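Visitor: Take a look at the following structure, please.
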Amino acid sequence: MVPVKSLKKLLMVSVAAASVLPFAGCRKTAPAEEYYVKTVVFPDSATADEKLEMASRLVPSAKQLEWQKLELTAFLHFGVNTFTDREWGDGSESPEIFNPVDLDADQWVKTLSEAGFKLVILTAKHHDGFCLWPTATTEHSVASSPWKDGKGDVVAELREACDKYGMKLGVYLSPWDRNAACYGDSPAYNDMFVAQLTELLTNYGRIDEVWFDGACGEGPNGKKQEYDWTRFKNVIQELQPDAVVAIMGDDVRWVGNEKGMGRETEWSATALTPGIYPESGASNRELGIYGKAADLGSRELVAKASRLYWWPSEVDVSIRPGWFYHDTEQPKSLRQLAEIYLSSVGRNSVLLLNIPPDRRGLIADADVARLKEFRQWIDANFSNNLAEGKIATSMALKPSSEFNAVVLGEDLSKGQHVEEFTVDALTGNGWQTVAEGTTIGQKRILTFPAVVADSVRIDVKSSRGVPNISTFGAYSIALPAEGNIDLPGYSEVDPAEWKAVEATGDMKNVAKAFDGDDNSYWRSASGAGEKTVSVDMQRTYPVTGFVYVPRGGDDKSGTVFHYRFEVSQNGSDWTEVSLPGEFSNIMHNPIPYKVYFPAPVNARYFRFTATDEIDGRDYITIGDLRIISQ
Ligand code: FUL
């Protein structure tokens with residue numbers, strides 16, 4: 001790492017060098033310096049130092065900068081899945097099932113606004129293809145539903161509520177469409193998709209974020225649709241030039257998980273090429289990076305890269321285990337939300353928290369209450385800044401302040417610079433380092449054991465340009481107590497007595513598939529065909545569901561995608577339980593997947609059969625299988 005002092009020298013040298021370099025990226029000229037807006041392309045001849053210096057002058061576009069300051073944004077997953085209790089619909093759902101009789105968009109936006117959210121994104125169309133507005137492109141929409149006799153328009157109602165509360169509006173329009181007959185016929189479907197996009201971006205006023213996700217679970221034998229991302233991008237540019245485009249776009253980047261966790265080192269300036277660019281595959285492969293990679297912007301990576309993008313991170317996570325509302329699930333505890341806040345907003349990311357309306361068309365009481373608590377927690381912990389005076393690298397504190405957190409921020413209009421720093425407190429024993437960090441970005445929150453001090457300072461150890469610290473506060477914060485979030489009455493059968501009856505491969509270790517321990521896992525034999533585990537629970541239970549826990553850790557290989565579940569009283573006559581048979585979205589959100597039965601069944605034996613793996617591998621892994629009983 002080049003320390004700050006020598007970097008200042010380097011800066012002067014390389015600014016001069018850069019002025020003779022050929023044109024690279026889109027430049028905007030500022031009085032004293034020259035910036036690269038959104039992209040910087042390095043000349044072939046650039047040295048590592050020159051690249052780093054150019055990287056320090058990469059800045060966000062105006063709309064990206066505005067978006068990065070939002071901090072709290074909300075998702076509303078709502079649609080036919082709300083009524084079928086699924087996470088991914090398959091497109092065969094009848095519009096007849098959509099009837100949210102008490103739908104009240106005012107309640108949604110009021111709740112979100114009071115909780116401090118600044119933008120709300122609605123799933124105008126999820127993977128099932130059902131449109132929440134009366135589109136001219138398909139009959140598979142609210143217009144064919146009983147809701148308001150087919151005269152309703154969820155997007156319009158949300159627009160009105162957003163206007164009332166001064167909330168920004170965004171739309172999620174799923175490219176993957178399991179209902180459209182033309183899906184897979186690439187030009188025809190692209191036309192339909194553009195028509196849908198055009199309706200949404202023309203008829204509902206200002207749209208601030210367009211969210212395209214990359215999910216497509218059609219699998220190896222499914223329909224192959226080639227999306228025309230360039231065309232989609234141009235349509236948005238023309239109709240809503242101020243909207244940022246997220247995920248399959250080049251304004252907002254998916255953080256890489258759905259757990260609410262930003263990286264400790266989170267660069268807005270990244271070497272990762274957005275997936276909508278045709279060259280993304282080759283360029284990311286060459287650098288050995290992908291959306292979930294830990295390092296997307298270090299010096300070492302910048303030195304290897306040929307261009308950088310300003311592509312800041314968005315942390316999307318649901319307040320409930322699933323993205324859609326399910327009666328059987330509960331909102332996360334306040335403790336979990338507080339931790340998510342610290343590891344998203346507090347790690348240079350915008351939080352996109354999903355709060356799914358229920359079948360009535362309302363945000364559930366438990367979620368309203370939780371959001372209220374969340375707001376109160378943020379206010380109670382972050383409104384009393386103990387640091388006083390003008391922002392500087394060293395701040396005086398109110399006399400003998402006790403604090404355990406600092407909030408830092410860089411002025412990103414000048415780029416993201418800080419690479420490594422310590423936070424020091426002036427205590428009775430002189431300056432003491434209380435915390436260390438790497439990147440800062442829009443906002444960085446660091447917590448540490450409480451210390452009593454009169455001053456606090458940030459010591460930047462390494463930076464790719466002059467640090468422009470624009471936020472520096474000291475706080476005394478407390479995390480809420482852990483809460484119990486399981487439903488009352490939910491109970492899992494103790495697996496202590498269970499015995500495996502058969503399994504595909506490795507019988508010796510098969511007990512790891514049902515030992516109640518998420519950290520141990522079982523791996524089946526490799527080979528073509530289905531993989532099975534059947535278990536004798538030794539006695540009969542009134543079974544109401546089961547849980548599949550994917551193997552723990554970062555390696556998700558072997559995670560099951562489609563399955564069958566059978567039960568038996570005697571171990572020879574089996575009955576298949578009628579279930580969706582798909583752990584929808586498990587590849588992005590590999591949490592324990594609870595599946596509830598339509599009605600309780602008495603069973604002593606169960607047989608779990610995996611029909612495929614998330615990436616088509618020829619083996620499966622099971623972190624744990626659990627049985628839910630009354
Ligand atoms: C994913 C989708 O498959 C999920 O259902 C959800 O919408 C999430 C936000 O994006 O890719």
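Visitor: Using alpha-carbon pairs under 8 Å, 6+ residues apart, how would you state the relative contact order of segment 153-309 in percent?
Guide: Numbers: 178 pairs, mean separation 29.1, N = 157.
The value is 19 percent.
Visitor: Could I ask something else about it? If you take the Cα Rg of the chain and divide it by 2.2 N^0.38 Å, with N the number of residues, what do you get? Don't skip to the end; give the middle numbers.
Guide: Values: Rg = 26.1 Å, N = 630, 2.2 N^0.38 = 25.5 Å.
With N residues counted in the chain, Rg over 2.2 N^0.38 Å equals 1.03.
Visitor: What does the charge add up to near PHE193, with Lys and Arg as +1, Asp and Glu as -1, over the other residues with Cβ less than 13 Å from its Cβ?
Guide: So the surrounding residues net to -3.
Visitor: Taking 0.36 nm per residue of sequence separation and subtracting the Cα-Cα distance, how much length would be gained by fully extending the chain between ASP102 and TYR165, in nm to one decimal?
Guide: 20.7 nm
Visitor: Take the Cβ-Cβ distance between LEU479 and ALA156 as r, set R0 to 41 Å, and report the resulting FRET efficiency rounded to the nearest 0.05.
Guide: Result of the calculation: an efficiency of 0.50.
Visitor: Also: Can you spot the aspartates and glutamates whose alpha carbon is less than 14 Å from LYS292's alpha carbon? Ignore those fewer than 8 places along the same chain.
Guide: Those aspartates and glutamates meeting the cut-off are GLU258, GLU264, GLU266, GLU314, ASP316, ASP554, ASP555.
Visitor: Hey, another quick one. Of all alpha-carbon pairs in segment 74-149, indicate the percentage at a distance above 15 angstrom.
Guide: 57
Visitor: Taking 35 Å as R0, compute the FRET efficiency from the Cβ-Cβ separation of ALA392 and GLN237 and round it to 0.05.
Guide: 0.30
Visitor: Still on this structure, please answer the following. List the pairs from LYS51/LYS390; LYS51/LYS259; LYS118/LYS390 whose alpha-carbon separation is above 30 Å, in the order I gave them.
Guide: Exceeds cut-off: LYS51/LYS390; LYS51/LYS259.
Visitor: Can you give the relative contact order of the chain as a percent, counting alpha carbon pairs under 8 Å and 6+ residues apart?
Guide: Here the relative contact order equals 13 percent.
Visitor: Going down the table (LYS63/LYS233; LYS69/LYS168; LYS508/LYS594; LYS110/LYS168; LYS151/LYS233; LYS332/LYS512), which pairs top 19 Å between alpha carbons?
Guide: Beyond 19 Å: LYS508/LYS594; LYS151/LYS233; LYS332/LYS512.
Visitor: Can you give the net charge of the other residues whose Cβ lies under 13 Å from the Cβ of LEU397, counting K and R as +1 and D and E as -1?
Guide: -2
Visitor: Right, here's the next one. Pull out the extension gain between ASP554 and GLN432, defined as 0.36 nm times the separation in residues minus the alpha carbon to alpha carbon distance; nm, one decimal.
Guide: 40.4 nm
Visitor: Can you tally the net charge around ASP358? Count Lys and Arg as +1, Asp and Glu as -1, for every other residue whose Cβ sits under 12 Å from the Cβ of ASP358.
Guide: So the environment of ASP358 carries a net charge of -4.
Visitor: May I pose another question? Determine the calculated [θ] at 222 nm for the chain from helices alone, applying -39500 (n - 2.57) to every DSSP H run no shorter than 4 residues and normalising by the residue count; nearest 500 deg cm²/dmol. Before the final figure, lay out the partial values.
Guide: Values: 12 runs with 130 residues, N = 630.
Rounded to the nearest 500, it is -6000 deg cm²/dmol.
Visitor: Could I ask something else about it? Would you mind computing, in nm to one decimal, how far apart the modelled labels at ASP573 and SER94 are, each placed 7 Å from Cα along Cα→Cβ?
Guide: Calculated label separation equals 3.3 nm.
Visitor: What lysines could a cross-link reach from LYS148, if we take a straight Cα to Cα line under 20 Å and drop same-chain neighbours fewer than 8 places away?
Guide: Within the straight-line limit of under 20 Å, LYS148 reaches these lysines: LYS125.
Visitor: Whole Å is fine, so just give me how far the alpha carbon centre of segment 46-107 lies from that of segment 392-411.
Guide: Taking the Cα centre of each part, segment 46-107 and segment 392-411 sit 33 Å apart.
Visitor: Would you mind computing, in nm to one decimal, how far apart the modelled labels at GLU114 and ALA528 are, each placed 7 Å from Cα along Cα→Cβ?
Guide: Label at GLU114, label at ALA528, 6.0 nm between them.
Visitor: Also: Using a Förster distance of 22 Å, how high is the FRET efficiency between MET587 and LYS223, based on the Cβ-Cβ distance and rounded to 0.05?
Guide: Computed FRET efficiency for MET587 and LYS223: 0.75.
Every number here is computed from the coordinates shown, using simple stated rules; none is lab data. Not measured: the values here are computed from a predicted model. When we count neighbours, we look across all protein chains shown, and the Cβ atoms used for this are built from the backbone with ideal geometry, even at glycine.
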